[in-house]
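> Below is one structure. I have some questions about it.
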Amino acid sequence: MTQTDKMLSRKEGGVGYMTFNNPERHNAVSLDMWEAAQGILADFAADKAVRVVVVSGAGDKAFVSGADISKFESERSSKEAIDRYNIAVDKANTAVYEFPKPTIAMIRGYCIGGGVGLALCCDLRICSDNSKFGVPAAKLGLGYGFKGIKKLVDVVGPSFAKEIFYTARQFTAAEALTMGLVNRVLPEAELEKYVKDYSDTISGNAPLTVNAVKYIVGEVVKDDSQRNIKKCADLVAECFASNDYKEGRTAFMEKRKAAFTGT
């Protein structure tokens with residue numbers, strides 16, 4: 001299923017794949033791509049068969065390298081145009097960050113600027129050993145807002161967040177792993193299979209449990225005053241009241257793989 005030639009999506013088993021398809025520009029993202037991403041994610045969210053989403057960039061040179069600077073004149077030259085672009089980016093990133101099911105960023109090559117922002121919105125980040133990460137805002141004079149910086153601080157902590165922004169340099173995959181910016185680093189040839197196996201593993205687990213954990217972790221990183229503790233408790237109770245909880249216990253006793261239905 002293709003929403004635009006620059007954004008691709010497909011479903012395999014319990015996994016939905018969303019691909020930023022602008023490889024000749026290192027998968028730089030234009031306004032229409034950000035807008036199309038929202039539609040793809042809405043479709044994945046509504047499809048009960050999709051239990052995990054993998055976000056990637058086309059080709060072998062880049063994950064996502066941020067905004068398409070060649071479109072700045074047409075898309076970001078006036079205040080109105082800048083506002084429209086920023087709203088589209090924020091909506092797409094929020095759609096990933098608040099997506100109710102697990103998300104994995106499969107990163108190969110450059111992950112720069114808005115690419116780092118997008119990757120931080122995913123639950124897990126798995127990259128190839130030749131990946132490069134950077135936020136060059138300080139080299140461009142760009143301002144970075146609270147929401148984007150908080151996501152980075154939540155993942156790598158205050159000191160590494162400052163280092164990434166202050167230096168505006170590119171970091172290697174090994175450095176990204178040390179900072180906690182990525183969960184795993186794989187040889188490039190093994191990346192796709194590893195992510196597929198990881199996705200299939202998560203997809204085979206009890207979705208009510210996995211999705212409850214996702215929601216609760218999201219509440220943990222919020223301010224005390226904004227947390228929905230009741231919903232957290234309700235989601236836990238829903239797990240214990242589910243058919244999947246019975247299936248999990250039965251499968252364990254029968255020494256077989258559980259077949260979870262999400263009910």
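Rule-based calculations on the coordinates, nothing more; no lab input. All of these numbers come straight from a predicted model, not from anything done at the bench. So basically every Cβ, Gly included, is an ideal-geometry build from the backbone, and we count neighbours across all protein chains shown.
> List the relative contact order of the chain as a percent without decimals, with contacts defined as Cα pairs under 8 Å and 6+ residues apart. Numbers along the way, then the final one.
Details: 438 pairs, mean separation 39.3, N = 263.
RCO, the chain: 15 percent.
> Springs between alpha-carbon pairs under 10 angstrom, Gaussian network model over the chain: which of Met179, Met253, Met106 fluctuates most?
Met253
> May I ask you to derive the FRET efficiency for Tyr194 and Glu254 from their Cβ-Cβ distance with R0 = 35 Å, giving the value to the nearest 0.05? Mind showing how you got there, number by number?
Details: r = 30 Å, r/R0 = 0.85.
So the FRET efficiency works out to roughly 0.70.
> Once fully extended, how much extra length lies between Asp47 and Ser225, figured as 0.36 nm per residue of separation less the alpha-carbon to alpha-carbon distance?
Numbers: separation 178, 0.36 × 178 = 64.08 nm, distance 3.24 nm.
Going from the current span to full extension adds 60.8 nm.
> Spin-label point model (7 Å from Cα, Cβ direction): what's the Ala138 to Gln170 distance in nm?
Result for the modelled spin labels: 1.8 nm.
> Once the Cα atoms of helix 158-167 and of the chain are each reduced to a long axis, what angle between those two axes, in degrees from 0 to 90 to the nearest 10, is obtained?
Rounded to the nearest ten degrees, it is 30.
> Say each of Asn243 and Ile87 gets a label point 7 Å from the Cα, pointing the same way as Cα to Cβ; how far apart are those two points in nm?
4.3
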